[in-house]
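Written below as structure tokens is the structure these notes are about.
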Amino acid sequence: MKLLIVTQAVDLDDPVLGFMHRWIEAFATRFDSIEVICLKKGRSHLPENVHVHSLGKEHGTSRVKYIFNFYRYLWALRGSYDAVFVHMNQEYVLLGGIFWRMSGKKVILWRNHKKGTWTTRLAGMIAHTVCYTSAAAYVAHFKNAVQMPIGIDTDIFVPPASPPPANSILFLGRIDAVKKPIEFLDALKILVDQNVDFHADIYGDPTYPDDPYFVQFKDAARSLLASGRVMLHPSVPNEQTPKVYGAHQIYVNLTPSGSFDKTIGEAMACGCIVVVANDAVQKYISEEQLIDPVSAASLGTGIRLALNLSEGERKSRKHRSREYVMREHSLSLLVEKLAYALGTKTL
């Protein structure tokens, strides 16, 4: 089977979407050929049976030109694929879905956001199948919805060869309000007042550098930075994050329930004790690791308890977390389930 993938970026250096490069590599082993239409193309090293076509964002192309290029590729590539996988952006299903269906192509939409609109419902009706990872996702109740693994490459995201430094905490993600980095800082200040020993690293950049929220974040971080308890780092490409996870005992993620943030699974695969606000993993972590995302006190308690784990308990939780990711959320499992949903050989 020949596949068309429509996605935002094919770029190993993209700190948020770099994982898609590895997904495409894995899909390439399962499909005869893959055409990729992406909004932005950057550094890549893909197999010979993969061909990438950019809509031009890396060159500053306008939205009108994006749409023109999209339809140009749709027509030019029409005989080069049998099925379509649209990752994250429902707009492409709205733009091309009728053409694909009239051409006899099976259409799969991947969407995992908690919120949606009538356009989401329309895209879901056009697609043959809608994939999601979190049971709280907006599309989870659609009749044609199928739950999928989050797709962690457990051959790359592995525990470190040597234990990370004691009392080390990681926050990795965009410095945007939805990720709640200021609430993370507020929790750390509570730990300082309680004389808890820790060092925290924050990796990430704001989506928009002039966002007033980023100014608030830097103001909130000032005292912790001055004390040496916290260090700020720019975002890093996804391919470098296994080393970052492996250098920390604890990973904190405050993304609310509704979308299953891949970084949670990546951190668990790398042996971090996760302290999270997302109930997608509540069955697989201890109760105190699931916290209230708007309560600094709740988060502070969760981090403190994670710091105070005995070595035996820490080892047990790390093993249990990795086994969970390998069993239910590996990239190899995702590839097989997606291939099955597209109508290739059964699992």
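The values are calculated or read from the model by the stated rules, or taken from the named source; none is laboratory data. Computed from a predicted structure; not experimentally measured. Don't worry about glycine lacking a Cβ; one is built from the backbone with ideal geometry, like all the others, and counts go over all protein chains shown.
Identify the residue in the range 1-55 that is free of Cβ contacts under 8 Å to residues at least 60 places away in the same chain and of a type in the set (Asp, Glu) and, among all such residues, is surrounded by the fewest Cβ atoms within 10 Å (Cβ to Cβ).
The extreme case among them is 48.
Please go through (1) surrounded by fewer than 19 Cβ atoms within 10 Å (Cβ to Cβ); (2) in a helix (DSSP H, G or I) for residue 208 and return the number of the only condition it doesn't satisfy.
(2)
I want to confirm something. Restricting to the range 243-262 and keeping residues that are modelled with pLDDT of 95 or more and outside any strand (DSSP E or B), which single residue is nearest to residue 318 (Cα to Cα)?
Within the range 243-262, the match that is nearest to residue 318 (Cα to Cα) is 249.
Of everything in the range 303-317, what is in a helix (DSSP H, G or I) and free of Cβ contacts under 8 Å to residues at least 40 places away in the same chain? Give them in sequence order.
Within the range 303-317, 305, 311, 312, 313, 315, 316 meet the criteria.
Filter the range 318-334 down to residues that are part of a helix (DSSP H, G or I), touching a residue at least 24 places away in the same chain (Cβ under 8 Å) and not basic (Lys, Arg), then give me how many there are.
9
Looking at the range 220-242, which of its residues are assigned to a helix (DSSP H, G or I), touching a residue at least 60 places away in the same chain (Cβ under 8 Å) and not polar (S, T, N, Q)?
239, 242, listed by residue number.
May I ask you to list the residues in the range 137-159 that are surrounded by fewer than 19 Cβ atoms within 10 Å (Cβ to Cβ) and polar (S, T, N, Q)?
Selection gives 144, 147.
Could you figure out which of (1) in the same structural domain as residue 70 (by TED's automatic domain parsing); (2) in a helix (DSSP H, G or I) isn't true of residue 178?
The failed condition is (1).
Among the residues of the range 171-187, count how many are surrounded by 23 or more Cβ atoms within 10 Å (Cβ to Cβ), of a type in the set (A, V, I, L, M, F, W, C), within 23 Å of residue 112 (Cβ to Cβ) and touching a residue at least 60 places away in the same chain (Cβ under 8 Å).
Total meeting the criteria: 3.
Under 9 Å by Cβ, and 6 or more places apart or on different chains, what pairs join a residue from the range 275-296 that is within 18 Å of residue 328 (Cβ to Cβ) with one that is in a strand (DSSP E or B) and of a type outside the set (A, V, I, L, M, F, W, C)?
Close Cβ pairs (under 9 Å, with a partner that is in a strand (DSSP E or B) and of a type outside the set (A, V, I, L, M, F, W, C)) amount to 276/251; 276/253; 278/253.
Looking at the range 135-154 only, could you name the residues that are aliphatic (A, V, I, L, M), under 17 Å from the mean Cα position of the chain (by Cα) and in a strand (DSSP E or B)?
152
Working only within the range 114-156, note down all residues that are over 30 Å from residue 241 (Cα atoms) and hydrophobic (A, V, I, L, M, F, W, C).
118, 122, 123, 125, 126, 127, 142, 145
Can we say residue 25 is outside the structural domain of residue 173 (by TED's automatic domain parsing) and either of a type in the set (Val, Ile, Thr) or at pLDDT below 95 (or both)?
Criteria not met by residue 25.
Cβ-Cβ distance below 7 Å, separation of 6 or more or different chains: which pairs start in the range 259-270 with a residue that is closer than 10 Å to residue 152 by Cα and not assigned by TED's automatic domain parsing to the domain that holds residue 289 and end on one that is in a helix (DSSP H, G or I) and at pLDDT 90 or above?
Sorted first by the residue in the range 259-270, then by its partner, the list stays empty.
With respect to residue 214, determine if the residue is assigned by TED's automatic domain parsing to the domain that holds residue 245, surrounded by 22 or more Cβ atoms within 10 Å (Cβ to Cβ), of a type outside the set (Gly, Ala, Ser) and over 24 Å from residue 239 (Cα atoms).
no
Can you name the residue in the range 81-111 that is in contact with a helix residue (DSSP H, G or I) (Cβ under 8 Å, 6 or more places away or on another chain) and in a loop (DSSP other than H, G, I, E, B) and is also nearest to residue 148 (Cα to Cα) among such residues?
Taking the candidates together, the pick is 111.
If residue 168 passes every condition in (1) buried (at least 16 other Cβ atoms within 10 Å of the Cβ); (2) within 18 Å of the chain's Cα centre (by Cα); (3) closer than 30 Å to residue 305 by Cβ but one, which one does it miss?
For residue 168, the exception is condition (2).
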